[in-house]
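What follows is calculated from the coordinates using simple rules that are stated; it is not laboratory data. Small disclaimer: the values here were computed from a predicted structure and weren't measured. So basically every Cβ, Gly included, is an ideal-geometry build from the backbone, and we count neighbours across all protein chains shown.
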Amino acid sequence: MPRILRLPEVCRLVGLSRSSVLRLERAGKFAKKFNICGLHAIGFDEAEVMAWIQSRRAGSLATNGDAARRP
């Protein structure tokens, strides 16, 4: 069963503010949020959030690796 992360936990994990996370989500550049337990509670699928974190790390490593190889 997938684990649901609430927005404050997502913000702590990714190191971004609430507004930044929601802005990225609206732009389609972050895990999709969904309503839980009513109108004001939102959650994120933990696997999607972790995949986003991994993609950012992979992009960062690729960028840093290319810079290190340049003369």
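Here is how the numbers come out for the structure above:
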{"item": "Nearest-ten-degree value, helix 46-69 long axis tilted from longest Cα axis of the chain", "result": "10"}
{"item": "Over 16 Å [Cα-Cα, the chain], rounded percent", "result": "52"}
{"item": "Using a Förster distance of 35 Å, the FRET efficiency for Ser55-Ile4 (Cβ separation, nearest 0.05)", "result": "0.95"}
{"item": "The chain: calculated mean residue ellipticity at 222 nm from DSSP helix runs of at least 4, using -39500 (n - 2.57)", "result": "-18500 deg cm²/dmol"}
{"item": "Calculated FRET value between Thr63 and Arg18, using beta carbons and R₀ = 22 Å, to 0.05", "result": "0.25"}
